[in-house]
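Worksheet: one structure, shown below.
The values are calculated or read from the model by the stated rules, or taken from the named source; none is laboratory data. As the structure is a computational prediction, the values presented were derived from the model and not from experiment. Because the Cβ atoms are built from the backbone with ideal geometry, glycine has one as well, and the counts that use them run over all protein chains shown. Side chains included, ligands, DNA and RNA excluded: accessible areas come from the protein's heavy atoms. Shrake-Rupley method; radii C 1.70, N 1.55, O 1.52, S 1.80 Å.
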Amino acid sequence: MLIILKMSLIIITICFIMMFMASILSKKSFMDREKSSPFECGFDPKSAARLPFSIQFFLIAVIFLIFDVEITLLIPLIMTLKITNMYMYMYISFFFFFILLAGLYHEWNQGALNWML
């Protein structure tokens, strides 16, 4: 057990030294005007950085995130189909789908799915 601990400490130390040396060797020695600017994609940093942003893009991203998380919650429900009680499985899946549809109805009722306001 002590040999495994020593070997893992040696491997961790070697990896740390290699990563440290790689970071030192990979640094550029000259400063480029484009790379030192806050926008590397060619925008002029002297103009206004705060451009107007449409709230619809944000709402669509939040809705996508919510339903994407719900899809990841569906995967264990499918995986446990063979090992669970069928009545309990049906109750849980109907309850989950009811919550999913109620959330979709709420978003639709609030107007978050309408692109034009």
Per-region count, segment 60-116, residues open to solvent by 100 Å² or more (accessible area, probe 1.4 Å), outside any helix (DSSP H, G or I) and free of Cβ contacts under 8 Å to residues at least 12 places away in the same chain: 3
Could you say which residue among F98, F53 is at pLDDT below 80 and at negative phi? F53
Residue check: is F30 modelled with pLDDT under 80 and either more than 30 Å from L100 (Cα to Cα) or of a type in the set (F, W, Y) (or both)? yes
